[in-house]
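The values are calculated or read from the model by the stated rules, or taken from the named source; none is laboratory data. In this text, all values refer to a predicted model and were calculated from it rather than measured experimentally. Neighbour counts run over all protein chains shown; Cβ positions are idealised from the backbone, glycine included.
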Amino acid sequence: MSDLPRQQSQHFLITGAGTGIGQAIALRLAQEGAKLSLLARDTARLQATAKAAMDAGASAVHVGPCDIRDRGLVDDAVDECATVMGPLRGVIANAGLGGPNYPGPQDRFDELIQTNLIGTYSCLRAAQRHLDDGPSTRHMVVIASVLSRIGIPGHTGYCASKTALLGLVRALALEVAAERIQVNAVCPGWIDTDMAREGIQGMASAMDLSYDNALAKAMRGVPLGRMGKPRDIAGVVAWLLSPDARGVTGQGIDINGGAWMG
């Protein structure tokens, strides 16, 4: 048996890799020896993730600025990743936008759909063109949300966009199965990220509570009683990319502390 890490020199593209879940996925795959292409809008944060990934054991790291709302920019950025780093073994489409939206002139519904659904689709299709020839399984992993499963008031755009990702995953999994490409989604619940903290603060402001009281109220809906960590999601993604998950495709894997059980 080889002593090399299981993803040694395998090339993975991660979007939204500058912070939170995307950063945690990058560091986990770095520990497994992967080559990484990291995309996000904030280049400074990407550079910090890249340094941490190299320190953690990545074979090589390439970074590029990219706004996934612009399909042309996505195509160019992914083309550059493949030119610099070689064909892809997989893509983790993590970049997304959160927060509420309300009817009226400032409604953010279009922005949420453009980012979370259309932007993710653009990333998957751009990466598909650069997947290696196999014969090993190639992978597409989408980071969805527990709000793919349930609705909450004031979040029609976020809920709709994340729910749509599960339909995208199922259809695409069937479309590419004959090419030995596995397509799956991961659906996090409350995870300790900037986006989640902003959500808790929004609850606190709306209900005139302290942040800690709003957090405690949110956790009452989580049977395990705690907010998850980005590394929890990274571990599941690493499993999906491994031979241990052979045959898993078209699935939405729920990691929400028991907040939703299907």
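Only one of the listed residues (Asn116, Asn101, Asn94) is more than 22 Å from Arg170 (Cα to Cα) and either among the polar types (S, T, N, Q) or buried (at least 16 other Cβ atoms within 10 Å of the Cβ) (or both). That residue is Asn101.
If I ask for residues that are aromatic (Phe, Trp, Tyr) and within 26 Å of Ser242 (Cα to Cα), which ones from region 116-175 would you list?
The first filter runs over region 116-175 and keeps only residues aromatic (Phe, Trp, Tyr), leaving 121, 158.
Once the filter is applied, which keeps residues that are aromatic (Phe, Trp, Tyr) and within 26 Å of Ser242 (Cα to Cα), region 116-175 yields only Tyr121.
All conditions but one from (1) in contact (Cβ under 8 Å) with a residue 24 or more places away in the chain; (2) surrounded by 14 or more Cβ atoms within 10 Å (Cβ to Cβ) apply to Ala204; the one that does not is (1). Residues in region 149-160 that are out of contact with any Asp or Glu (no Cβ under 9 Å at 6 or more places or on another chain), buried (at least 17 other Cβ atoms within 10 Å of the Cβ) and in contact (Cβ under 8 Å) with a residue 60 or more places away in the chain: Tyr158 alone. Every listed requirement among (1) at positive phi; (2) touching a Lys or Arg at 6+ places or on another chain (Cβ under 8 Å) is met by Gly154 save one, (2).
Might you check whether a residue that is of a type in the set (Gly, Ala, Ser), crowded, with 18+ Cβ neighbours inside 10 Å and part of a helix (DSSP H, G or I) occurs anywhere in region 128-145? It would help to see each step written out before you state the result.
Applying the first criterion (of a type in the set (Gly, Ala, Ser)) to region 128-145 yields 134, 136, 144-145.
From what's left, crowded, with 18+ Cβ neighbours inside 10 Å: 144-145.
Now narrow it down to the ones that are part of a helix (DSSP H, G or I): none.
Checked region 128-145: no residue is of a type in the set (Gly, Ala, Ser), crowded, with 18+ Cβ neighbours inside 10 Å and part of a helix (DSSP H, G or I).
Could you tell me whether Ile181 is over 23 Å from Pro135 (Cα atoms) and surrounded by 14 or more Cβ atoms within 10 Å (Cβ to Cβ)?
no
Here region 1-45 is the region considered, the condition is being within 17 Å of the chain's Cα centre (by Cα) and among the hydroxyl-bearing types (Ser, Thr, Tyr), and the residue that is surrounded by the fewest Cβ atoms within 10 Å (Cβ to Cβ) is Thr19. Of the helices (runs of 4 or more DSSP H) contained entirely in region 147-262, those carrying at least 2 residues that are outside the structural domain of Pro135 (by TED's automatic domain parsing) and at pLDDT below 95 fall at 194-207, 211-219.
Arg45 meets all of the listed conditions (1) closer than 21 Å to Asp133 by Cα; (2) among the charged types (D, E, K, R); (3) not in a loop (DSSP other than H, G, I, E, B) but one, namely (1). Which ones in region 56-74 are of a type in the set (A, V, I, L, M, F, W, C) and not in a strand (DSSP E or B)? If the condition is that a residue be of a type in the set (A, V, I, L, M, F, W, C) and not in a strand (DSSP E or B), then Ala56, Ala58, Cys66, Ile68, Leu73, Val74 are the ones that fit. Scanning region 155-206 for residues that are under 15 Å from Asn94 (Cβ atoms) and β-branched (Val, Ile, Thr), we see that the one that is nearest to the chain's Cα centre (by Cα) is Val186.
One line per residue, one yes/no per condition, for (1) assigned by TED's automatic domain parsing to the domain that holds Ala238; (2) under 14 Å from Ala95 (Cα atoms); (3) of a type outside the set (A, V, I, L, M):
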position	(1), (2), (3)
Pro5	no, no, yes
Ala17	yes, yes, no
Ile25	yes, yes, no
Leu29	yes, no, no
Ala44	yes, no, no
Met54	yes, no, no
Ser59	yes, no, yes
Asp76	yes, no, yes
